[in-house]
Amino acid sequence: MTGARRRRAALAELSGSVLLVVMDMTVLNVALPAISRDLRPDSVQLLWIVDVYSLVLAGLLVTASALGDRWGRRRTLLTGFALFGLASFAALAADAPGSLIAVRAALGVGGAFMLAAAAVVWLLTPRGLDLSASHH
């Protein structure tokens, strides 16, 4: 794989990972009325449903990065995708506020692994992710 192709692949990996992590932070706001109607959480539970994802993600980002140094970027990224995917399917089965809070926390763990691996891609790619044709 040429240098330019490798940088484009790194950009696609970085963009996909960050898109999933950020989208999960924001998409819940659209679903809140339906979640409130179906699960009937109280105000504290609703607060946890919204905030636990970003709280866990931010809290584990450094730990996930350290594990990524030991495991390798690829394994860290794949672990993050697997955790994120499993937790996403588990969210479909959540039938109580407490179970949705737990699933959102698991999504945060997966997101931390994905974001940690994506950050390493950005930092270790030669010349950053400069994709211009002038650097052949």
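Odds and ends about this structure:
- Count of the range 59-80 residues, restricted to those that are surrounded by fewer than 18 Cβ atoms within 10 Å (Cβ to Cβ), closer than 17 Å to Met25 by Cβ and modelled with pLDDT under 95, is 1.
- Between Val44, Val56, the distinction of being modelled with pLDDT of 95 or more and in contact with a Gly (Cβ under 7 Å, 6 or more places away or on another chain) belongs to Val56 only.
- Test: residue in the range 36-55 that is small (Gly, Ala, Ser) and either in contact (Cβ under 8 Å) with a residue 40 or more places away in the chain or touching a Pro at 6+ places or on another chain (Cβ under 9 Å) (or both): yes
- Flag for Leu78 being touching a residue at least 24 places away in the same chain (Cβ under 8 Å), in a helix (DSSP H, G or I) and not β-branched (Val, Ile, Thr): no
- Checking Ala34 against (1) in a helix (DSSP H, G or I); (2) modelled with pLDDT of 85 or more; (3) buried (at least 18 other Cβ atoms within 10 Å of the Cβ); (4) of a type outside the set (Val, Ile, Thr), the condition it does not meet: (3)
- Verdict on Asp95 being surrounded by fewer than 17 Cβ atoms within 10 Å (Cβ to Cβ), within 22 Å of Ala119 (Cα to Cα) and charged (D, E, K, R): no
The values are calculated or read from the model by the stated rules, or taken from the named source; none is laboratory data. Worth saying up front: this structure is predicted, and the values here are computed from it rather than measured. No Cβ is skipped: glycine too gets one built from the backbone with ideal geometry, and neighbour counts run over all protein chains shown.
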